[in-house]
1. Would you pick out the residues in segment 176-220 that are outside any helix (DSSP H, G or I) and either in contact (Cβ under 8 Å) with a residue 24 or more places away in the chain or surrounded by 14 or more Cβ atoms within 10 Å (Cβ to Cβ) (or both)?
2. Looking only at residues that are basic (Lys, Arg) and in a helix (DSSP H, G or I) in segment 1-44, which one is surrounded by the most Cβ atoms within 10 Å (Cβ to Cβ)?
3. Does at least one position in segment 140-150 carry a residue that is in contact with a helix residue (DSSP H, G or I) (Cβ under 6 Å, 6 or more places away or on another chain), at pLDDT 75 or above and either of a type in the set (Asp, Glu) or in a helix (DSSP H, G or I) (or both)?
4. Could you pull out the residue among 96, 92, 128, 75 that is closer than 21 Å to residue 253 by Cβ, modelled with pLDDT of 75 or more and surrounded by fewer than 20 Cβ atoms within 10 Å (Cβ to Cβ)?
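The values are calculated or read from the model by the stated rules, or taken from the named source; none is laboratory data. Treat the numbers as computed from the prediction; the structure is a model and nothing was measured. Cβ atoms come from the backbone with ideal geometry, glycine included; neighbour counts cover every protein chain shown.
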Amino acid sequence: MDEGRRNLVVAIGLVTAGGFLFASMNAIVKALTARYPILMILWGRTFFHVAFVALFIPQAVAGAVRTRQLGIQLLRSVLLGASTVLNFTALLFLPLGDVAAITFLSPILVAALAVAILRERVGLVRWLAIATGFCGALLIVRPTGAGLGPGAWLALGCAAAYAVYQISTRMVREAEPLVSLLFSGLVGAVLFTLLLPWGWTTPTPLDLALMAATGLMGAAGHLMIILALRRGEASRVSPFNYLQLVWAMGASYLVFGDVPSPWTLAGAVVIVASGLWLYRLDLAELARRTASPAAARDR
């Protein structure tokens, strides 16, 4: 396997694993919202994210102090904080799977922004594959009849903020991706810690451990996304986030007892099929790119 294909496979694997961690994290968050104010859960997610990175990856702190891209890093942190607020608040109104499905407008927005900002090429066939994945997401949302209530609008806002976050991550040129990981939660950790006195409820030891787990899962998931975006173009890697819907439905069943409907299963099949379609398109394009220089030399 040549280097281009290897990078593509690794990027897809990283995005898939990151999606699993995010789905697990959201399941914990939804359970915690029944017992604690949303501000406290946001604090746990961001504070422990930064704490774990700073304590166990000290080179990330050293790199953050020396960064030459402070502006874009702070912008990323603000965008991720906004996305997290919108996502967690949407979970107060909608089931886990519905929120996940609506937020998967994000890959389509990433593809569009990648054309305008990053000058990446997104052909018609690739657009069709991305749209197919989104149709799978709509199949999952359809049975609920929730409509465009406050939860849906919050999830749509989350999708928009996260799409710009992914594009800004692609623009980072830090030599060490762990610096980007630290900055991802930094603004949220500072802001929510300052606001915490207005939303504090003393947690049980188990619930505090669960809050810490959301920070660890979020940090690990975002590290995987950062590494994936360094290996592949944003418009190609991001659509594989659709697999997170499968993890979200599984977590919803295991934690909350929500049995997947036939529509949910059909949507999951469509989403996986669109991901495999995109994978084949990427392999074909990489093969053409590899063959072109050789063809030019033969002439």
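1. So in segment 176-220, the residues outside any helix (DSSP H, G or I) come out as 176, 199-204.
Hits for segment 176-220 are 176, 199, 200, 201, 203.
2. Here is the first cut: in segment 1-44, the residues basic (Lys, Arg) are 5-6, 30, 35.
Keeping just the survivors that are in a helix (DSSP H, G or I) gives 5-6, 30.
Values: 5: 14, 6: 11, 30: 21.
Restricting to residues being basic (Lys, Arg) and in a helix (DSSP H, G or I), the top hit is 30.
3. no
4. Values: 96 fails: surrounded by fewer than 20 Cβ atoms within 10 Å (Cβ to Cβ); 128 fails: closer than 21 Å to residue 253 by Cβ; 75 fails: closer than 21 Å to residue 253 by Cβ.
Only one candidate passes the filter, namely 92.
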